[in-house]
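> Please find one structure pasted underneath; my questions will follow.
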Amino acid sequence: MKIGFSTSVIQRGKTGVAQYVFALLKALESIATTEQFVLFVLEQDKPLFDKLSNRFELNILDEKYRPPVKNILWHQLHLPHLARQLELDLLHVPSYRRMLWRSPCPRIATIHDLAPFHVSKKYDLARMLYGRFVVKQLARVQERIITVSENTARDIERFFRIPRHRLKVIHNGLDHQRFYPQDATLARGVALDKFKLERPFFLYVARLEHPGKNHVRLIDAFDQFKSQTKSDWLLALGGSDWHGAEAIHQRIAHSPFKEEIRTLGFVADDELPTLYSAASAFVYPSLFEGFGLPPIEAMACGCPVICSARGSLAEVVQQAALIVEPEDTSSMADALVKFYSNSKLRDDFRLKGLLRAADFSWKRAALETLALYSVAAAGRRNFARSTTMQSFSVSTPLD
């Protein structure tokens, strides 16, 4: 089977979708199969894929197709022609924003979440309208849809009216060769040298996006925590600036504890496990997630987790995290105080987290994805065969 795979939504490797793409492709590469893949890659993203084997052919896109509108038009106008020219058996688009309206081969899309239906002002007006109305029509014509959680599957049924038999829940996995507990003393040394985190710290890893990632309320809660405990613990925010980041920076500037709130910028993949291992606790107060990889990554590194239960997070973390109400700053502040003042509680959640993280595997996700590829390709062939037979029976009556 020859499979096309669109990668142009990875935002230079700095998003959750990017982590999904890289991890899934790596797992697919490790499975001994006969499938061949054609990756459609923007020119400046090419180095991110250089380590893949020759099972992955790179079809390079000109950088002029990077801006969102031009990229959407490329998917709708150019990709179907390339699929026909390259004789693809299947096309997989790993983001709802680039799903195809027409295609010469079966389409599979991955829908990670339907955040525009849950978080007002998560994106600008154009993207909110696109996510609510255009995506609904595009989703309905996909042969199969992968969704990364049961919660998102229910949202797709509810908001898009797509029957459940066309959806396949495949949980994200975890790379246990990357995410595991490192020596805490060494990890804290790296956190000091690399990120200037000289004291115990709460860690939040998410792009600096307002209001969706809820940084402002977390800073409010941290201020309450500091005032109540007089603790020397820091708050470290790892992630690139995104939509609404100026509101987060402004809130930090007005905090009486602004010197103890550190913005780390984008944290490279090879640094992330060390940072998790160095943190005293991980906090994830997001207002909505389609899955939520960072809490599971932190758990796998032995870091106890405080987490919202919004979106799919309750499904993902289950009982392995201390749950908070993300719109209640007092609830978050209380959780920070509990973790700070009770080392046994942190140890209990550290153990629960390690056990929960063990449930997630990219190999399993890749095997389930490959199986769905076969189902989708067979479904289109069976449909074509059925249509041909019907045409034959109408145009050529049997004696």
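> Could you size up the charge dipole of the chain around its Cα centre, putting +1 on the beta carbon of Lys and Arg and -1 on that of Asp and Glu, and report it in debye to the nearest 20?
Here the chain has a charge dipole of around 940 debye.
> Additional query: Looking at the square roots a ≥ b ≥ c of the eigenvalues of the Cα gyration tensor of the stretch 229-282, which shape do they give, rounded for a/c under 1.5, prolate if a/b is larger than b/c, or oblate?
It comes out oblate by the Cα gyration axes.
> What percent does the relative contact order of the stretch 1-105 come to when contacts are Cα pairs within less than 8 Å and at least six residues apart?
36 percent
> Quick check: the angle from helix 343-357's long axis to the longest principal axis of the chain, C-alpha only, nearest 10 degrees?
So the helix axis and the longest Cα principal axis differ by about 10 degrees.
> On a 0 to 90 degree scale, rounded to 10, what angle separates helix 184-195 from the longest Cα axis of the chain?
Approximately 80 degrees, to the nearest ten.
> Ok, one more. Can you tell which of 145, 68, 126 lies farthest toward the positive end of the dipole of the stretch 33-181, using +1 and -1 charges on the Cβ of basic and acidic side chains (Lys, Arg; Asp, Glu)?
126
> Quick check of the Kirkwood formula: for the chain, what is the inverse mean of 1/r over all pairs of different Cα atoms, in Å?
It is 22.4 Å.
> By average Cβ neighbour count within 10 Å, what is the ranking of 214-223, 283-292, 84-93 from highest down? Present the calculation step by step, with values, prior to reporting the outcome.
Details: 214-223: 23.4, 283-292: 25.5, 84-93: 19.3.
Result, highest mean Cβ count within 10 Å first: 283-292, 214-223, 84-93.
> I would also like to ask the following. Of 14/363; 46/196; 194/344, which ones are farther than 24 Å apart at the Cα?
Flagged as over cut-off: 46/196; 194/344.
> Using the 2.2 N^0.38 Å rule of thumb for compact globular proteins, work out how the stretch 1-110 stacks up: its C-alpha Rg over that value, please.
Normalised Cα radius of gyration, the stretch 1-110: 0.98.
> If you consider only alpha-carbon coordinates, what radius of gyration and Dmax does the stretch 30-86 have, in Å?
Just the Cα atoms of the stretch 30-86 yield Rg and Dmax of 12.8, 38 Å.
> Looking at the calculated P(r) for the stretch 51-142, what percent of the C-alpha pair distances fall above 17 Å?
Result: 55 percent of Cα pairs exceed 17 Å.
> For the stretch 232-326, compute Rh as the Kirkwood radius over C-alpha pairs and then the Stokes-Einstein diffusion coefficient at 10 °C and 1.306 mPa s; write the answer in µm²/s, rounded to an integer. Please list the in-between numbers first.
Numbers: Rh = 14.3 Å.
After rounding, the answer is 111 µm²/s.
> Under the rule a/c < 1.5 gives rounded, and otherwise a/b versus b/c splits prolate from oblate, where does the stretch 184-357 land using the Cα gyration tensor?
It is rounded, given that a/c, with a ≥ b ≥ c, falls under 1.5.
> Specify the angular offset, from 0 to 90 degrees and rounded to the nearest 10, of the alpha carbon long axis of helix 215-229 from the longest principal axis of the alpha carbons in the chain.
It works out to around 20 degrees.
Every number in this text was worked out from the coordinates using simple rules, so none of it is lab data. Model, not experiment: these values are computed from the prediction. Cβ coordinates were reconstructed from backbone atoms using ideal geometry, including for glycine residues, and neighbour counts include every protein chain displayed.
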